[in-house]
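Written below as structure tokens is the structure these notes are about.
The values are calculated or read from the model by the stated rules, or taken from the named source; none is laboratory data. None of the values given here were measured: they were computed from a predicted structure. Here Cβ is always computed from backbone atoms with ideal geometry, including for glycine, and neighbour counts include all displayed protein chains. For the accessible areas, the whole protein counts, side chains as well, though only heavy atoms, and no ligand, DNA or RNA atoms are used. Shrake-Rupley method; radii C 1.70, N 1.55, O 1.52, S 1.80 Å.
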Amino acid sequence: MTSISDIDMGATVWMIASTALVFLMIPGLGYFYSGMVRSKNALSLVFLCMMSLAVVTIQWVMFGYSLAFSETSPSSFIGNMRHYFFLDVSYEPHPNAPTVPGIVFAIYQCMFAALTPGLAIGGAAERIRILPTIIYVFIWTTLVYDPIAYWVWAPNGWLFKFGVMDFAGGCAVETASGFAALAFYFVLGKRKGFGEEKWEPHNYLNIILGTAFLFFGWFGFNAGAASLASGKAGVAFLTTILAGSVAGTVWVALAYHREHKFSSFHFCSGAVAGMVGVTPAASLVSTWAAFPMGAIVGVCCFFMIDFNLRLGIDDCIDVFAVHGIGGVLGVFLTGVFANNKVIGLDGTSSDGGLINGNGKQLYIQLAALAVSAAWSFVLSYVILTIMNWIPALRFRVDPDQEDHGVDFTELGEAGYKFIDEIAKSHASMMHVYRSATPSISDSLQDPNKVRPVIREVYSHVPESTVDTSNSSETA
């Protein structure tokens with residue numbers, strides 16, 4: 001039993017700070033995704049990630065937290081409604097975090113829940129309508145995320161009692177989102193032109209910026225719930241950055257072997273894959289285990305992308321390849337590398353994993369993976385299919401809307417409107433210039449012809465796009 005007297009101020013401050021860190025992952029994910037798609041769809045992905053935060057926060061306070069973490073539910077499948085609208089969620093600690101106030105733990109876990117559907121949305125990028133997606137996020141969190149979170153983390157969850165090792169979300173976050181993204185593909189199909197045109201990320205700086213936010217926030221994601229006094233938070237911190245660094249370097253090396261050029265894109269995707277893989281093991285393994293875990297997950301996720309392409313699967317932002325497969329490998333490898341000495345730093349008793357001679361743990365991990373992946377994929381597919389039967393809630397945009405881009409057709413906004421205006425002004429200038437003189441080369445040779453052409457061109461340019469602070473009237 002936990003009590004108010006167990007609350008530790010340092011642990012409380014660390015979890016609040018970690019909540020803010022995980023929050024930063026959500027816009028970071030949006031920027032990461034936005035850079036990987038074509039510019040006409042970039043803004044919609046950032047918007048949907050932020051809407052995921054808003055929608056899930058409302059759901060979490062209403063009943064989501066109670067379904068996922070109720071400590072009094074007699075069911076091993078789902079929580080009760082004891083904490084609906086955060087009823088009785090205040091200062092008294094939750095059993096999962098006995099040294100922090102319950103409300104701090106609740107909002108910390110809310111960030112996990114808000115991030116997860118945002119991950120899955122990436123699987124439907126460039127062809128998805130906004131309103132159905134917002135409704136889907138609410139339903140998916142209730143029917144998919146909350147039950148899996150309860151199974152794995154709640155005191156009465158059946159996988160928790162079964163002995164699964166999943167420290168920070170290998171099942172509920174990574175595997176669930178990856179297989180939900182795969183369900184998006186089977187329901188929505190491929191993007192228009194997939195396999196016929198070669199598409200590349202439109203903004204590599206956005207990808208790097210998003211990765212930096214994800215990297216930074218992942219420290220709170222993995223280390224936030226770990227014990228400070230025992231040093232497990234430090235273990236989680238180090239394994240996170242080490243696995244991400246190893247996997248990112250592996251992806252760069254593999255890409256260089258193939259293309260004979262270094263790639264910022266591959267470093268970013270590889271780093272994310274490495275952190276995905278170590279998430280379920282962050283404070284359960286020795287720090288050295290992050291080396292093989294990062295390398296194994298990095299290699300497998302890299303070639304999974306190739307495998308998807310050979311199968312013709314349009315995994316738009318590699319959500320299934322990185323989060324789905326990375327999460328599966330991470331949970332399984334946790335059963336291999338879990339160290340009873342590290343786990344026991346805070347007094348927790350454990351037989352460890354395969355390296356401690358506990359081969360049985362691998363079967364437990366595989367069972368948890370099979371159930372989590374199947375539940376997420378099947379429920380996601382059913383939800384998407386049912387919603388698609390309702391005309392107002394169909395997910396895919398029309399073909400002509402897909403051509404114009406989701407940003408314009410669904411939001412009526414553009415992520416790069418200022419660039420569009422400059423491009424239009426430039427086109428207008430070129431049109432006027434070409435119509436003003438039949439021969440550019442002749443005009444350039446005659447100053448008397450150049451001056452009236454310049455005046456004519458600049459008379460058609462909006463004032464906001466022309467800097468006249470140093471202009472001269474000598475012409």
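Would you work out which of Pro27, Leu411, Ala68 lies farthest towards the positive end of the dipole of the chain? Charges go on Cβ: Lys and Arg +1, Asp and Glu -1. The listed residue farthest towards the positive side: Ala68. Relative to one another, the C-alpha centroids of the range 291-344 and the range 349-408 are positioned 15 Å apart.
Work through the residues other than Phe395 whose Cβ is under 9 Å from its Cβ and net out their charges, Lys, Arg +1 and Asp, Glu -1.
Net charge in that neighbourhood comes out at +4.
The amide H of Ala338, built 1.01 Å from its N in the peptide plane, has Gly353, Leu354, Ile355 as neighbours under 5 Å, considering only residues 5 or more places off or on other chains. Computed over protein heavy atoms with a 1.4 angstrom probe, the accessible surface ordering of Thr57, Thr12, largest first, is Thr57, Thr12.
Taking all protein chains as shown and a probe of 1.4 angstrom, His260 keeps an accessible surface of around 130 Å². Can you tell me the orientation of helix 447-458 relative to the chain, as the angle in degrees between its alpha-carbon axis and the longest Cα principal axis, to the nearest 10? Roughly 40 degrees, rounded to the nearest 10. Leaving out ligands, DNA and RNA, and with a 1.4 Å probe, what % of the accessible surface on the range 8-73 is carbon or sulfur? C and S fraction of accessible area: 82 percent. Per residue, the range 239-359 exposes an accessible area of 37 Å² to a 1.4 Å probe, with every protein chain left in place. Legend: residue pairs Lys192/Lys417; Lys232/Lys341; Lys161/Lys232, Cα-Cα distance threshold 20 Å; pairs beyond threshold, Lys192/Lys417; Lys161/Lys232.
Counted by Cβ distance under 12 Å from Lys192, the other residues give a net charge of -3, where Lys and Arg count +1 and Asp and Glu count -1. Selection among Gly123, Pro95, Gly79 by position relative to the dipole of the range 61-167 gives Gly123 as farthest towards the positive end (Cβ unit charges, Cα centre).
What shape does the range 260-399 have by the C-alpha gyration tensor, where a ≥ b ≥ c are the square roots of the eigenvalues, rounded means a/c under 1.5, and otherwise prolate means a/b greater than b/c and oblate the rest? Taking the square roots of the gyration eigenvalues as a ≥ b ≥ c, the range 260-399 is oblate.
Cβ-Cβ distance of Asp351 and Thr385, R₀ of 41 Å, FRET efficiency by 1/(1 + (r/R0)^6): the value works out to about 0.45. With the whole protein complex present, Lys261 retains an accessible surface near 140 Å², based on a 1.4 Å probe. Ordered by solvent-accessible area of protein heavy atoms (1.4 Å probe), largest first, the residues Met304, Met50, Met25 come out as Met50, Met304, Met25.
Taking only the C-alpha atoms of the range 187-277, Rg followed by Dmax gives 16.6, 56 Å. Using heavy atoms of the protein chains and a probe of 1.4 Å, the accessible area assigned to Phe194 is about 50 Å².
Each stretch of four or more DSSP H residues adds -39500 (n - 2.57); spread over every residue of the chain, this sum gives -19500 deg cm²/dmol at 222 nm. For Cα extents along the principal axes in Å, computed directly from the structure shown, the correct entry in (i) 91, 48, 47; (ii) 62, 57, 45; (iii) 83, 66, 43 is (i).
The magnitude of the dipole of the chain, with charges of +1 and -1 set on the Cβ of Lys/Arg and Asp/Glu and taken from the Cα centre, is near 640 debye. Which of rounded, prolate, oblate describes the range 1-92, given a ≥ b ≥ c as roots of the alpha-carbon gyration tensor eigenvalues and a/c under 1.5 marking rounded, otherwise prolate only if a/b is larger than b/c? Taking the square roots of the gyration eigenvalues as a ≥ b ≥ c, the range 1-92 is oblate.
Compare Arg394, Arg258 by solvent-accessible area with a 1.4 Å probe and give them largest first, with all protein chains kept in place. Show your work: numbers first, answer last.
On the way: Arg394 80, Arg258 110 Å².
Most to least solvent-accessible, the answer reads Arg258, Arg394.
May I ask you to give the average projected area over all directions of the convex hull of the Cα atoms of the range 273-346, in nm² rounded to one decimal?
4.7
Along the Cα-to-C-beta direction of Lys360, a point sits 7 Å from the Cα; which residues of the range 139-172 have their amide N less than 13 Å from that point? Of the residues in the range 139-172, 162-164 have backbone N under 13 Å from the label point off Lys360. Pick out, in residue order, every one of the chymotrypsin sites (Phe, Trp or Tyr not before Pro) in the range 31-124 that is DSSP loop and has at most 16 other C-beta atoms within 10 Å; say none if there are none. Counting only loop positions with at most 16 other Cβ atoms within 10 Å, the chymotrypsin sites (Phe, Trp or Tyr not before Pro) in the range 31-124 are Phe77, Tyr91. Specify the inter-centroid distance of the range 44-62 and the range 196-218, based on alpha-carbon positions, in whole Å. Result: 21 Å between the Cα centres. Could you state the angle between the C-alpha long axis of helix 232-259 and the longest principal axis of the C-alpha atoms of the chain, as a value from 0 to 90 degrees rounded to the nearest 10? Taking Cα atoms only, the helix is inclined about 40 degrees. Using only Cα atoms, find the angle between the long axis of helix 42-59 and the longest principal axis of the chain, and express it within 0 to 90 degrees, rounded to the nearest 10. So the inclination is approximately 30 degrees.
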